[in-house]
1. Filter the range 86-113 for residues that are of a type in the set (D, E, K, R) and near ligand 1 (Cβ under 6 Å from one of its atoms); which is farthest from residue 124 (Cα to Cα)?
2. Determine whether the range 96-109 contains at least one residue that is away from ligand 2 (no atom under 16 Å from the Cβ) and in contact with a helix residue (DSSP H, G or I) (Cβ under 9 Å, 6 or more places away or on another chain).
3. Please return the ranges of strands (runs of 3 or more DSSP E) entirely within the range 58-145 where 3 or more residues are crowded, with 20+ Cβ neighbours inside 10 Å and in contact (Cβ under 8 Å) with a residue 24 or more places away in the chain.
4. So which residues in the range 14-35 are under 15 Å from the mean Cα position of the chain (by Cα) and of a type in the set (Gly, Ala, Ser)?
5. When you go through (1) within 16 Å of ligand 2 (Cβ to nearest atom); (2) surrounded by fewer than 16 Cβ atoms within 10 Å (Cβ to Cβ); (3) not in a strand (DSSP E or B) one by one for residue 55, which number turns out not to apply?
6. Looking only at residues in the range 119-150 that are within 16 Å of ligand 2 (Cβ to nearest atom) and farther than 12 Å from residue 100 by Cβ, which one is farthest from the chain's Cα centre (by Cα)?
7. Part of a loop (DSSP other than H, G, I, E, B), in contact (Cβ under 8 Å) with a residue 60 or more places away in the chain and within 15 Å of residue 36 (Cβ to Cβ) - does that describe any residue in the range 150-164?
8. Whether any residue in the range 20-41 is part of a loop (DSSP other than H, G, I, E, B), closer than 20 Å to residue 129 by Cα and in contact with a Ser or Thr (Cβ under 8 Å, 6 or more places away or on another chain) is what I want to check.
Amino acid sequence: MHEIGKILFDEATIADMVQELGGRISRDYAGKDPMVVSILKGAVIFTTDLMRRISCPLTVEFIQASSYGMSTKPSRNVIIKKDLESDIAGKHVLLVDTIIDTGETFDCLMKTLSGRKPASLNAVVLLDKVCHRLVDVPITYRGFEIPDAFVVGYGLDYNEQFRNLPYIAMLKTES
Ligand code: IMP
Ligand code: MG
């Protein structure tokens, strides 16, 4: 059975970080009308909060990737399950996810999107599980570094559960 364990980031702490990231993006992208590309499903809550903290005009698109194989093993196969609905050529793209773990999903999406010739492509990640990184991915806008733990809430799931928690917590495993 799985229960919620220690809360790592409460609502107010998350909101402060989202505001900080949104402020930096607003300054960097003034006059550029960026396209926010949100990675389904885990980035939905982060994206909708972040968008409201970005002051320049923007558009939003969604993309979904699927990976096969163990998340702890290198060389997983990542495929695009749901693609963008518009062309990103010449656009200033911000690829958004709530968490980066091994980096394989992000790496695959960054490579795919950069092949479509955007004017620029930068990554925004709220949580960085840096100790699990297998693929080096440049992250321009990074929120919190987190320890080697499975976390849920604020869009992140365990078996599709817990996405609706307004905070980010560790998952307690009891046998
Ligand atoms: P990566 O390809 O290993 O970087 O995995 C990225 C994806 O795995 C994220 O977009 C999440 O959907 C999922 N993920 C990785 N770590 C966690 C976690 O601690 N909790 C919930 N989902 C996670
Ligand atoms: Mg998941």
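Bear in mind that the values in this text are calculations on the coordinates, not laboratory data. Only a predicted model underlies this, so the values are computations on that prediction, with no experimental measurement involved. Glycine gets a Cβ as well: all are built from the backbone with ideal geometry, and neighbour counts include every protein chain shown.
1. 104
2. No, every residue in the range 96-109 fails to be away from ligand 2 (no atom under 16 Å from the Cβ) and in contact with a helix residue (DSSP H, G or I) (Cβ under 9 Å, 6 or more places away or on another chain).
3. In the range 58-145, the matching strands (runs of 3 or more DSSP E) lie at 92-100, 120-128.
4. Once the filter is applied, which keeps residues that are under 15 Å from the mean Cα position of the chain (by Cα) and of a type in the set (Gly, Ala, Ser), the range 14-35 yields only 22.
5. That leaves (1) as the condition not met.
6. Per the criteria, the residue is 149.
7. Scanning the range 150-164, I find at least one residue that is part of a loop (DSSP other than H, G, I, E, B), in contact (Cβ under 8 Å) with a residue 60 or more places away in the chain and within 15 Å of residue 36 (Cβ to Cβ), so the answer is yes.
8. Among the residues of the range 20-41, not one is part of a loop (DSSP other than H, G, I, E, B), closer than 20 Å to residue 129 by Cα and in contact with a Ser or Thr (Cβ under 8 Å, 6 or more places away or on another chain), which makes the answer no.
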